[in-house]
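Right, one structure below, let's go through it.
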Amino acid sequence: MLSFFKKSKGAVLGLDIGTSAIKMVELIPSGGSAKLSRWAIHALPPGVITENTITNVDAVIDVFVRAVARESIKAKRVVSAVCSSHAVSSNIVLPGDLSDGEMEEQVEIEAAQFVPYALEDVNLDFQVLGASGLNPDDYEVLAVACRREIIEDYVAVIEAAELDAEIVDIDTYALERVVAHAHPSSGLDAVVDVGHSNTHLGIFGDNKTLYSRYQPFGGKQLVDLVVQRYGVSDEEAEGLIRSESPPDGYRREVLPQFVQLTAKETARALQFFYSSSSTSSVDRVIVTGGASQIPGLIEGVEKELGVRTITLDPFSNITHKFDSHHLAQVSGSLAIACGLALRGIDDSN
């Protein structure tokens, strides 16, 4: 079985391969917690990631190998993640008196019922979550499967840099982990991850993901608005967005339009959740992703939803010596990579 849940020790590199960039966070254990030693964001060529799948492995390898060398990465262990849309998971209940071998056999039997692929074509792993709420003599077990060909591409990227692909996680689990570490709460959280091409809504509560949905909306929509307004290329539009002196009308007209669109898409995604559950509200909204630092976005979402809304700060409980202001500007992009690195640190403590 592939180890989605394998333990790691020492320094660890969290690697998030996104649509437009790879994001890396290197953490080292520090007195029972974690210390940030390095972080980096390196752009990927357009089209190498399509629908959350690596479609040009060689191009991703080239960027990653160069990034590891340039950033002087020290960690040999890497925790990466596939998109949750590629994973199939199920919570199952098994007798508590099973041996490890018997439990593995039983998980494979159960997986045949919920995995829509031949088991020989998937990587399958499981983790015991604890005693079952129905019977304390039984265990609640999380089983996760992903197509082997998808996993192999991530492993190939990591091993090309002569590093060890110790854990392949699921991106939503990484986000859940970093939220719990940075902003612990006993309430119900709606976490909105605004990526380049997609926005993910995760509902987190009781230390697990209760709901997950992707919306085909992201920072690319802001790029498109700039392209339409100023007649520039996508690359030039991205430069204007990052500029400290954007063109006339950007802050007054273009940016508010994107904020309003994002707020309405978030409200729409939440309505899908409410309509499929007995819950009609959440306690707070946490926004992350590359677009989370856009001026006015947090306020716009909060106004649209009528729910307290904050920006995810993945490094709030992690020590570091970096400039806090600069780190805050990129922290939204590094949230999943941080959650992945925390996975390795948590397992090594």
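Since every read-out is calculated from the coordinates, none of them should be taken as a lab result. Bear in mind that the values here come from a model prediction, so they are computed numbers and not experimental data. Heads up, the Cβs are rebuilt from the backbone with ideal geometry, glycines too, and the neighbour counts pull from every protein chain shown.
Under 10 Å, Cα contacts only: if you run a Gaussian network model on the chain, which one of 240, 134, 201 comes out with the highest mean-square fluctuation?
Most flexible of the set in this elastic network: 134.
For the chain, what are the DSSP H helices with axial Cα length of 24 Å or more and mean Kyte-Doolittle hydropathy of at least -1.0? Don't skip to the answer; put the middle values down first.
Numbers: long enough: 255-275 (30 Å, 0.09); 324-348 (30 Å, 0.49).
Flagged H segments are 255-275, 324-348.
With +1 on each Lys and Arg Cβ and -1 on each Asp and Glu Cβ, how big is the dipole of segment 86-147 about its Cα centre, in debye rounded to the nearest 20?
Values: 1 positive and 13 negative charges, 71 e Å.
Rounded to the nearest 20 debye, it is 340 debye.
Would you mind getting the Kirkwood hydrodynamic radius of the chain from its Cα pairs, rounded to one decimal in Å? Walk me through the numbers on the way to the answer.
On the way: mean 1/r = 0.0474 Å⁻¹.
Result for the chain, one decimal place: 21.1 Å.
Where both residues lie in the chain, what percent of DSSP beta bridges are antiparallel, nearest 5?
Within the chain, antiparallel bridges account for around 70 percent of the total.
Filter 35/220; 74/321; 220/264 down to the pairs with a C-alpha to C-alpha distance above 26 Å, please. Walk me through the numbers before you get to the answer.
Working: 35/220 33 Å; 74/321 17 Å; 220/264 16 Å.
Where the Cα-Cα span goes over 26 Å, the pairs concerned are 35/220.
Can you tell me, using C-alpha contacts under 8 Å and at least 6 residues apart, the relative contact order of the chain as a whole percent? Walk me through the intermediate numbers first.
Details: 667 pairs, mean separation 79.9, N = 349.
Computed value for the chain: 23 percent relative contact order.
Counting each DSSP H run of 4 or more residues in the chain as -39500 (n - 2.57), what helix-only mean residue ellipticity at 222 nm follows after dividing by all residues, to the nearest 500 deg cm²/dmol?
Helix-only estimate at 222 nm: -12000 deg cm²/dmol.
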